[in-house]
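Reviewing the structure listed below.
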Amino acid sequence: MESVTSKVLDKLDIQILDLLQREAKLSNIEISKRVNLSPPAVHIRIKRLENEGFIKRQVAILDQEKLGFDLLCFIFMSTNIHQAEKLDALENALRSMPEVLECHCLTGEYDYLLKIANRDRKELEAFIRKLNKLGITRIQTSLALREIKDSTLLPI
């Protein structure tokens with residue numbers, strides 16, 4: 001079965017996306033050599049992929065521990081909020097918190113899963129206190145002991 005992506009993207013687009021997700025700092029010249037396309041054609045394709053939303057953003061991934069963030073935590077949260085405006089306010093508050101690296105709305109036992117980075121226990125405690133002020137009814141926090149895999153690569 002053909003995917004929607006394969007109808008929109010050709011083989012060269014997929015190669016370019018794969019190269020960029022592995023090495024975002026590659027120049028158009030280097031990409032052009034690897035996919036056998038001219039640098040201007042690569043540039044045009046990358047701009048189109050950005051404009052169409054296939055490339056959301058390009059970032060530097062920092063070393064959390066070297067920067068003093070020794071606690072990586074996953075927080076499962078439940079809330080009794082059901083009104084759309086109040087849910088929007090809660091989600092906007094979560095988006096604005098710099099400690100929150102990821103926030104996912106879930107099905108099942110919990111409503112949200114947060115991935116957060118803190119420097120120490122005191123920062124974690126202060127963060128949980130902030131959450132409690134937002135109408136959270138249940139919180140379960142798990143600390144990551146070590147990282148087994150960390151990847152942003154999609155298997156395209």
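The values are calculated or read from the model by the stated rules, or taken from the named source; none is laboratory data. All values reported here derive from a predicted model rather than from experimental measurement. The protein model used for the area step is the full one, side chains on, heavy atoms only, and it has no ligands, DNA or RNA in it. Shrake-Rupley method; radii C 1.70, N 1.55, O 1.52, S 1.80 Å.
One entry in (i) 10.2; (ii) 8.6; (iii) 12.6 is mean projected area of the Cα convex hull in nm² calculated from the shown coordinates; its label is (iii). Ranking of Thr107, Thr141, Thr152, Thr79 by solvent-accessible surface, largest first: Thr107, Thr152, Thr141, Thr79 (1.4 Å probe, protein heavy atoms only, all chains present).
Per residue, the solvent-accessible area of the chain (1.4 Å probe, heavy atoms of protein chains only, all protein chains present) comes to 73 Å². Computed on the stretch 13-98, with alpha-carbon pairs under 8 angstrom and 6+ residues apart, the relative contact order is 18 percent. Among the protein heavy atoms of the stretch 1-80, carbon and sulfur supply 55% of the accessible surface, probe 1.4 Å, non-protein parts ignored. Note on the stretch 67-156: Cα Rg divided by 2.2 N^0.38 Å, N the number of residues, gives 1.14.
Is there a pair in Lys86/Lys115; Lys11/Lys47; Lys86/Lys133; Lys25/Lys66; Lys25/Lys56 whose C-alpha atoms are over 20 Å apart, and which pairs would that be? Exceeds cut-off: Lys86/Lys115; Lys25/Lys66. The fraction of accessible area contributed by carbon and sulfur in the stretch 102-156 is 51 percent, rounded to a whole number (1.4 Å probe; ligands and nucleic acids excluded).
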